[in-house]
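The structure under discussion appears below in the form of structure tokens.
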Amino acid sequence: MKPFLFALRQEPSQRLDLSRLTPDRLVGRTQKEIEAIDIGTTKVDAKVGDLFKVRVGDPQVVHFEGGSERFDLLGAKLLPGFAIHVEGDVGAQLGRGAQGGTITIAGDAGAFARPHTAAGALKSINDAIALGEAIQAQDSLDQALNVWNAARTETNNKLVTYGNQLGRALVKEIPDWSKMDAAEMQKWFLSIVEVPATMRDQYRTDVQPPR
């Protein structure tokens with residue numbers, strides 16, 4: 001039997017409460033009943049059928065095609081014997097209160113690189129390479145995912161922190177750059193962020209531009 005499928009139609013305009021789509025809550029429901037479930041978190045309705053193309057299948061294996069950082073509470077209170085797979089990103093509180101089961105995310109889970117870091121594509125590439133290497137090196141998918149998660153979490157958390165620092169400095173607390181010369185600009189920049197070691201050479205004063 002094919003897995004239960006939710007194919008994302010469009011990016012949601014609000015945060016979604018996907019705890020209502022935890023697999024055991026789908027058992028015995030018809031497609032029409034599921035499409036009528038409200039998963040919105042504001043006064044504006046957000047029905048499952050408006051956001052997802054639904055294919056009824058085996059509720060023990062629920063597959064989401066497409067993701068979003070607005071997918072909150074995915075897999076909340078998940079029970080043993082059930083599995084969720086997402087091809088894309090998810091938002092906050094992934095698997096909150098889960099008692100068992102398996103959740104696999106082929107994307108980010110609350111670790112999004114802000115545009116200010118100019119590192120989103122590189123982050124995705126590095127995540128994919130690390131995952132491939134882990135799968136090749138380990139005996140099982142569970143082992144590979146655990147190794148991959150441990151290897152990438154610290155790096156990605158640092159990138160998220162760096163992006164938040166840049167966002168705050170470049171959006172919320174903008175200085176009067178017109179009054180700064182090059183040296184003052186550099187001093188200001190290094191005071192607002194903790195620059196990762198791999199990026200420090202970009203800001204050394206003794207590095208001369210290529211001719």
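The values are calculated or read from the model by the stated rules, or taken from the named source; none is laboratory data. Since this is a predicted model, take the numbers as computed values, not measurements. Glycine also receives a Cβ, built like all others from the backbone with ideal geometry; neighbour counts cover every protein chain displayed.
Kindly check whether there is at least one residue in the range 91-103 that is more than 20 Å from residue 71 (Cβ to Cβ), modelled with pLDDT of 90 or more, outside the structural domain of residue 146 (by TED's automatic domain parsing) and in contact with a Pro (Cβ under 7 Å, 6 or more places away or on another chain).
The answer is yes, given that some residue of the range 91-103 is more than 20 Å from residue 71 (Cβ to Cβ), modelled with pLDDT of 90 or more, outside the structural domain of residue 146 (by TED's automatic domain parsing) and in contact with a Pro (Cβ under 7 Å, 6 or more places away or on another chain).
Using beta carbons and a limit of 6 Å, which pairs, at least six apart or on different chains, have the first residue in the range 52-72 and closer than 18 Å to residue 94 by Cβ and the second one at pLDDT 95 or above and in a loop (DSSP other than H, G, I, E, B)?
Every condition considered, no pair remains.
Name every residue in the range 60-100 that is of a type in the set (Gly, Ala, Ser), surrounded by fewer than 20 Cβ atoms within 10 Å (Cβ to Cβ) and farther than 14 Å from residue 21 by Cα, in order of residue number.
The answer is 66, 81, 88, 92, 97, 100.
Taking the conditions exactly as written (exposed (fewer than 12 other Cβ atoms within 10 Å of the Cβ), of a type outside the set (Lys, Arg) and under 23 Å from residue 103 (Cα atoms)), does residue 31 satisfy them or not?
No, not satisfied.
Just checking, how many residues over the range 39-63 are in a loop (DSSP other than H, G, I, E, B) and farther than 12 Å from residue 1 by Cα?
Here the count works out to 7.
When you scan the range 64-79, how many residues do you find that are within 21 Å of the chain's Cα centre (by Cα) and in a loop (DSSP other than H, G, I, E, B)?
Residues meeting the conditions: 11.
Among the residues of the range 157-184, which ones are surrounded by 10 or more Cβ atoms within 10 Å (Cβ to Cβ) and either assigned to a loop (DSSP other than H, G, I, E, B) or basic (Lys, Arg) (or both)?
Once the filter is applied, which keeps residues that are surrounded by 10 or more Cβ atoms within 10 Å (Cβ to Cβ) and either assigned to a loop (DSSP other than H, G, I, E, B) or basic (Lys, Arg) (or both), the range 157-184 yields 158, 168, 175, 180.
Using the structure shown, decide if residue 83 is touching a helix residue (DSSP H, G or I) at 6+ places or on another chain (Cβ under 6 Å), small (Gly, Ala, Ser) and either modelled with pLDDT of 90 or more or under 30 Å from residue 165 (Cβ atoms) (or both).
Spelling it out, it is not the case that residue 83 is touching a helix residue (DSSP H, G or I) at 6+ places or on another chain (Cβ under 6 Å), small (Gly, Ala, Ser) and either modelled with pLDDT of 90 or more or under 30 Å from residue 165 (Cβ atoms) (or both).
Please enumerate the residues belonging to the range 176-191 that are of a type outside the set (Phe, Trp, Tyr) and closer than 29 Å to residue 123 by Cα.
185, 186, 187, 190, 191
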